[in-house]
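Below is one structure, written out as structure tokens, with a few remarks after it.
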Amino acid sequence: MALKFRGVDFIGFDALLSDDERLVRDTSRKFIEDNLIPIIEECNRAGRFPRELVKPMGELGFYGASLKGYGCAGMSNVEYGLVMQELERGDSGVRSFVSVQSALVMYPIYAFGSDEQKQAWLPAMQKGEKLGCFGLTEPDFGSNPSGMRTRARKIGKEYVLNGEKMWITSGSIADVAVIWAKVEDEDNKIRGFLVETDRPGFHAEDIHGKWSLRASVTSGLSMQDVHIPESNLLPKSGGLKSPLMCLNQARYGIAWGGIGAAMACYDCALQYAQLRKQFHDKPIASHQLVQEKLTWMINEITKGQLLVLQVGRLKDQDKAGAQHISMAKRNNVWMALECARMGRDVLGANGVADEYPLMRHMMNLESVKTYEGTHDIHTLIIGQSVTGIDAF
Ligand code: TGC
Ligand code: FAD
């Protein structure tokens with residue numbers, strides 16, 4: 001039975017949004033409803049990234065949405081967040097693709113790039129004509145990227161890159177990779193490089209067998225003596241702080257995305273519970289234990305909405321700290337995963353079938369809980385912020 005999403009707003013959250021913000025939300029919602037929802041289960045089954053949506057999403061201004069100039073939409077952070085919410089209501093893998101393109105590739109070019117790099121990449125990336133990926137994680141360095149082994153050596157007017165990156169979203173479909181490497185001639189300082197993926201020595205290999213984010217491409221990258229011109233260095237990047245600044249942008253979007261996934265799960269579980277009858281011909285929604293689950297879900301979604309909206313308002317005033325973003329990412333992804341598990345339970349056996357989106361969201365959210373800083377790493381970031389003590 002097809003259940004159409006009806007939106008989720010328990011306390012008049014809509015009234016906290018401006019007309020422009022609601023317009024962005026509603027436009028994104030319609031796009032997802034019309035274009036992603038009809039194909040997502042097939043994509044998930046087949047492990048297929050819906051590439052046909054890349055250009056249409058560019059036309060709607062989804063890529064680099066909060067950047068100014070270069071054809072970008074110049075949205076506020078709250079508007080950008082609402083786009084992420086709607087994308088992840090459809091599927092975390094598609095939100096992932098947009099997050100990487102926007103927050104992890106266009107943002108570093110915008111923040112650390114030269115004028116030439118910005119002109120060369122941003123307008124084409126905004127339209128979805130060129131795609132990017134972000135290589136920070138390595139096989140032996142996930143939560144602690146400062147240990148990375150990838151190296152860049154300066155030889156004449158070129159850099160030569162060697163190393164491996166692992167678990168890279170959009171790796172094999174990217175035209176350009178933002179690669180973070182230690183520069184040997186600069187005391188192993190971490191810097192960012194733009195590496196065109198057709199350069200000799202660069203190789204991307206997809207990771208198969210994922211039970212999560214099946215509609216998103218995830219790859220391993222290897223670089224063996226990849227020569228790039230010195231002009232491919234992101235000149236204003238320097239130190240681990242630079243990739244972490246990119247992660248702030250992406251983590252913020254994920255915090256909104258968690259709300260979207262949770263809304264999808266809650267609304268589906270609620271509608272199902274009102275229709276499904278068990279014992280004395282009563283809907284299961286009339287049983288107290290089912291109501292407890294629905295109450296937990298709407299309660300946590302509502303708290304998560306208020307949390308991420310406040311972080312967005314702070315971000316629009318340039319006052320959001322990394323610890324605020326960590327709290328929103330940590331809380332909202334955890335909450336969404338719990339909603340997916342609880343919602344799946346409410347649907348009984350039907351919950352494990354891909355006719356309903358619950359199990360897909362649950363599987364996706366397991367990755368979202370791990371990437372962009374695991375749940376526990378965000379616990380420690382918040383712990384460091386409140387105690388002043390680094391427990392990593
Ligand atoms: P630490 O010494 O604490 O910090 C190094 C420098 O960075 C500064 N800093 C930050 N700056 C901006 N934003 C942040 N969030 C920052 N956190 C720290 C810090 O002030 C310092 O600056 P300076 O000037 O003193 O040099 O670094 P550490 O090595 O102890 O590590 C800290 C830790 C553990 C929090 C960090 O390494 C971390 O966040 N680890 C998690 C790694 C992670 O999130 N990886 C994500 C990879 S990308 C990804 O998953 C994409 S998924 C894409 C998708 O599909 O959506
Ligand atoms: P580990 O760091 O090995 O952690 C394993 C466990 O140990 C976790 O539970 C962690 O919380 C815990 N742990 C680690 N250190 C501590 C500590 N000090 N204290 C307490 N507990 C600790 N990376 C990119 O660079 N680009 C991408 O595009 C990208 N896309 C991804 C897409 C997918 C689908 C996935 C699954 C991952 C992606 N990643 C990407 C990688 C992701 O960022 C890492 O998986 C993540 O940072 C965690 O690293 P790890 O998997 O090596 O786990």
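Shape class for the range 13-126, computed from the alpha carbon gyration tensor (a ≥ b ≥ c): oblate, with a/c not under 1.5 and a/b at or below b/c. As a fraction of the 1.4 Å probe accessible area of the range 126-212, surface on carbon and sulfur atoms comes out at 46 percent.
For the chain, the 222 nm mean residue ellipticity estimated from helices alone, with every DSSP H stretch of n ≥ 4 adding -39500 (n - 2.57) and the total spread over all residues, rounds to -15500 deg cm²/dmol. In this entry, the range 59-147 is assigned a mean projected area of 6.7 nm², taken as a quarter of its C-alpha convex hull surface.
All other residues whose Cβ lies under 14 angstrom from that of A103 are scored, Lys and Arg at +1 and Asp and Glu at -1, for a net of +2. Ellipsoid fit via the Cα gyration tensor, the chain: semi-axes of 37, 21, 20 Å, each the root of five times an eigenvalue, largest first. In the context of the full set of protein chains, the range 284-392 has a per residue accessible area of 46 Å² (1.4 Å probe). Relative to the longest principal axis of the Cα atoms of the chain, the long axis of helix 241-275 lies at roughly 20 degrees. Charge dipole of the range 13-126 (Cα centre as origin; +1 on each Lys and Arg Cβ, -1 on each Asp and Glu Cβ, all else neutral): 300 debye, rounded to the nearest 20. Against the main long axis of the alpha-carbon atoms of the chain, helix 288-316 sits at an angle near 40°.
Helix 115-127 and the longest principal axis of the C-alpha atoms of the chain enclose an angle of approximately 30°.
With θ taken as phi - 60° and the Karplus curve 6.51 cos²θ - 1.76 cosθ + 1.60 applied, the whole-hertz 3J(HN,Hα) list for the range 195-204 is 10, 5, 6, 9, 6, x, x, 9, 9, 10 Hz, x standing for glycine and proline.
Length gained on full extension, K154 to L3: 48.6 nm, using 0.36 nm per residue less the C-alpha separation. Put the Cα centre of the range 69-132 next to the Cα centre of the range 168-197 and the gap is 18 Å. Of all the options P283, P243, P56, the one that moves most in a Gaussian network model of the chain with Cα springs shorter than 10 angstrom is P283. With the charge dipole of the range 241-387 set up from +1 on Lys and Arg Cβ and -1 on Asp and Glu Cβ about the Cα centre, the Cα lying farthest toward the positive end among the listed residues Y272, G373, G257 is that of G373. The alpha carbons of the range 132-232 stretch over 44, 28, 17 Å along the principal axes, in descending order. In a DSSP loop and with at most 13 other Cβ atoms within 10 Å, the chymotrypsin sites (Phe, Trp or Tyr not before Pro) in the range 148-211 are W211. Rg/Rh, computed from the Cα trace of the range 303-392 with Rh as the Kirkwood radius, has the value 1.08. Taking the convex hull of the alpha carbon positions in the range 286-337 and averaging its projected area over all directions gives 3.7 nm².
The charge dipole of the chain, taken about its Cα centre with unit charges on the Cβ of Lys, Arg, Asp and Glu (plus for the first two, minus for the last two), comes to roughly 380 debye.
Karplus-based coupling profile of the range 363-379, in residue order and whole Hz: 5, 4, 5, 4, 5, 5, 5, 8, 7, 6, x, 5, 3, 6, 5, 5, 4, with θ = phi - 60° in 6.51 cos²θ - 1.76 cosθ + 1.60 and x standing for Gly or Pro.
If Lys and Arg each add +1 and Asp and Glu each add -1, what is the summed charge of the other residues whose beta carbon sits under 14 Å from the beta carbon of M223? Cβ neighbours under 14 Å give a net charge of -1. Taking the Cα centre of the range 132-232 as reference, the dipole from Cβ charges on Lys and Arg (+1) and Asp and Glu (-1) amounts to some 200 debye.
With θ taken as phi - 60° and the Karplus curve 6.51 cos²θ - 1.76 cosθ + 1.60 applied, the whole-hertz 3J(HN,Hα) list for the range 350-362 is 4, x, 8, 8, 7, 5, 10, x, 4, 5, 5, 4, 4 Hz, x standing for glycine and proline. In loop segments of the range 218-308 as defined by DSSP, the trypsin sites (Lys or Arg not before Pro) with at most 13 further C-beta atoms inside 10 Å of their C-beta are K236. The residues of the range 107-164 expose, per residue, 44 Å² of accessible area to a 1.4 Å probe. Max-minus-min Cα coordinates of the range 25-72 on each principal axis give 38, 21, 13 Å, with the largest extent listed first.
The values are calculated or read from the model by the stated rules, or taken from the named source; none is laboratory data. Keep in mind that this is a model prediction, so the values were computed, not measured. Every residue, glycine among them, receives a Cβ derived from its backbone with ideal geometry; neighbour counts consider all protein chains shown. These accessible areas exclude ligands, DNA and RNA; they are computed on the full protein's heavy atoms, side chains included. Shrake-Rupley method; radii C 1.70, N 1.55, O 1.52, S 1.80 Å.
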